[in-house]
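Scroll down for the structure; my scribbles are underneath it.
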Amino acid sequence: QVQLVESGGGLVQTGASLRLSCTASGRTSSTYATGWFRQAPGKERDFVAAISRSGISTYYADSWKGRVTISRDNAKPTVYLQMSSLQPEDTAVYYCAAKVSFGLADSRSEYDYWGQGTQVTVSS
């Protein structure tokens, strides 16, 4: 089993930057990649970015390219999501997830473990 805990969410103003963290515990060596998703009220959970366990490979949703950077520190082990130029429409619960199978993916169904989420609210 793998446990994921997100942190770093909060209330920010339009245009602000924010860094989210996802700390893993348990059998982390069994996972290939970690991804970030977000879910706004009344909407589906959408993919944001993913990173391989080595940190060499990354994958971003087109809508987020240029505004977000995913990285990791395997010594901790923690995956970060650095977001910039936040807008009110970015208000959502942000989740990290880990997948066991090889490859980066943007589909929720490919991820095996999920955190509880962290709320990000962007005020106008």
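Taken together, the values in this text are just the output of simple stated rules run on the coordinates, not laboratory data. Note that the coordinates shown come from a computational prediction; the quantities given were computed from them, not determined experimentally. All Cβ positions, glycine included, derive from the backbone under ideal geometry; neighbour counts span all protein chains shown.
The table below lists the values:
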| item | result |
| --- | --- |
| Sorted largest first, extent of the stretch 45-124 alpha carbons per principal axis (Å) | 39, 26, 23 |
| Net length gained if the chain between residue 46 and residue 27 were fully extended (0.36 nm per residue, minus Cα distance) | 4.3 nm |
| Net charge dipole size for the stretch 68-119 [Lys, Arg +1 and Asp, Glu -1 on Cβ; Debye, nearest 20] | 180 debye |
| Size of electric dipole in the chain: Cβ of Lys, Arg +1 and of Asp, Glu -1, about Cα centre, debye, nearest 20 | 260 debye |
| For the stretch 1-46, the fraction of alpha-carbon pairs in successive 10 Å shells from zero, as % | 19, 42, 30, 8 |
| GNM top mover of 77, 41, 88 - the chain, alpha-carbon springs below 10 Å | 41 |
| Net length gained if the chain between residue 1 and residue 67 were fully extended (0.36 nm per residue, minus Cα distance) | 20.6 nm |
| Centre separation in Å (Cα based) which lies between the stretch 1-24 and the stretch 61-87 | 10 Å |
| Choice from 101, 63, 17 with maximal GNM fluctuation in the chain (Cα, 10 Å cutoff) | 63 |
